[in-house]
Amino acid sequence: MATTDAVSSNSAASSDHPKQSGSSPSSSGPEASAPPPLPSSTAGVLAALTALTGAAVGLLTSFQVVHWTPAQTTLAAAEVAAFWAFTGAIVAHLWPGRKQRPVAVAGTITALVSATVSLGIGFAWWRLNGAQNASLISLSTTFVAVGSALWAQAHVHADLTPLRTKAESTDVPAS
């Protein structure tokens, strides 16, 4: 759940995490340039909640408290994973003093919507034929993916790709 941004060794330090005084250039890298998305205690709580919810789904099905097929159990577990991934992304995005993570939010929104629609199909929350279900999941996932990608793009500030020199462009191997 917790990830860090990769920073190349020759890139500038992150502007949202001030460089500590007395640090040397040799201490640069992903661990030195940016803090983790969440404090370890918060990440631990989210991981524990994820495991606890997954265990609850497993116990409910193992002791036949619910009468789900194996496919329905898988769909419920996927929904749990998507929910907690989304929750973690939102918390990391909004955590004070940390780098915002719009791409993680966008990706987990897509996963959550896709998992929810799949859960609805698997539990027959509505009565559609196979082609209609396929249309529903593909259209909803497409619309949400495009919408969340556009939202993320509006919030990401990327550097320009460096121009290639003539020598670099002639060194491209032929396919």
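With Cα atoms defining each centre, the stretch 110-167 and the stretch 66-86 are spaced 19 Å apart in the structure.
Sorting 60-73, 35-48 by their mean Cβ neighbour count within 10 Å, with the most densely packed peptide first, gives 35-48, 60-73. With θ taken as phi - 60° and the Karplus curve 6.51 cos²θ - 1.76 cosθ + 1.60 applied, the whole-hertz 3J(HN,Hα) list for the stretch 76-81 is 5, 5, 5, 5, 4, 4 Hz, x standing for glycine and proline. Exposure proxy ranking for 164, 98, 127, based on other Cβ atoms within 10 angstrom of each Cβ and starting from the fewest, stands as 127, 164, 98.
Quick check on the stretch 32-133: take the gyration tensor over C-alpha atoms, sort the square-rooted eigenvalues as a ≥ b ≥ c, and tell me if it's rounded (a/c under 1.5), prolate or oblate. Judged from the Cα gyration tensor, the stretch 32-133 comes out oblate (a/c at least 1.5, b/c at or above a/b).
We did not get these values from a lab; they are worked out from the coordinates using the rules stated. Owing to the predicted nature of the structure, the values given are computational and were not obtained by experimental measurement. Note that each Cβ is placed from the backbone with ideal geometry, even for glycine, and that neighbours are counted across all protein chains shown.
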